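Derivation of every value follows stated rules applied to the coordinates shown; laboratory data play no part. The shown structure was predicted, so the numbers you read here are calculated from the model rather than taken from an experiment. Note that each Cβ is placed from the backbone with ideal geometry, even for glycine, and that neighbours are counted across all protein chains shown.
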Amino acid sequence: MSTKVLTAYEVKNRFGEAILSAQAAPVTVTKNGKPVLVMMSMEEYQLFETMKKNHVDAQIKLGLKDVEEASIVDADAFFNNLLKG
C-alpha cells in the first residue's frame, strides 16, 4: 500500500481533504522534509492497536512459559558468560 504524503502546510490549508484521504489510506505528514506523523482512519488505528496488544500479550505468554519451565538465565550469569566468551 503506498502512502500519500502531504506537508504540514498542505494539511493545514486542506484539512478536510487530508481527513478524506486518511479515511481511505494512511497519510504521511512531513515538516521540513521529514516525516513527523501519520494520519489514518479510526478503523485502521483500532486494528493497529488490537494487533499491537495481541503481539504484546503473546510475548508475555512466552515469557511466563519460560519462567514456568525455568528456562531463564540470571542477568549477572548471562553477562558473566558473555564476557568469558
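Here is how the numbers come out for the structure above:
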quantity: Simple Cβ-charge dipole of the chain, Lys/Arg +1 and Asp/Glu -1, about Cα centre, in debye nearest 20; calculated: 540 debye
quantity: Per-residue ³J(HN,Hα) for the stretch 18-27, Karplus 6.51 cos²θ - 1.76 cosθ + 1.60, θ = phi - 60°, Hz, x for Gly and Pro; calculated: 5, 4, 4, 5, 5, 6, 8, 6, x, 10
quantity: Charge tally in the Cβ shell below 13 Å around ASP57, where Lys, Arg are +1 and Asp, Glu are -1, ASP57 excluded; calculated: +3
quantity: Order by protection proxy (mean Cβ within 10 Å, highest first), peptides 4-12, 32-40; calculated: 4-12, 32-40
quantity: Percent RCO, i.e. relative contact order, over the chain, from Cα pairs under 8 Å lying at least 6 residues apart; calculated: 19 percent
quantity: Charge dipole (the chain, unit charges on Cβ, about Cα centre) - positive-most of SER21, PHE79, GLN59; calculated: SER21
quantity: Residue exposure sequence - SER41, SER71, SER21 - by fewest surrounding Cβ within 10 Å; calculated: SER71, SER41, SER21
quantity: Of VAL29, VAL56, VAL67, the one that fluctuates the most in a GNM where the chain has Cα springs shorter than 10 Å; calculated: VAL67
quantity: Charge tally in the Cβ shell below 10 Å around PRO26, where Lys, Arg are +1 and Asp, Glu are -1, PRO26 excluded; calculated: 0
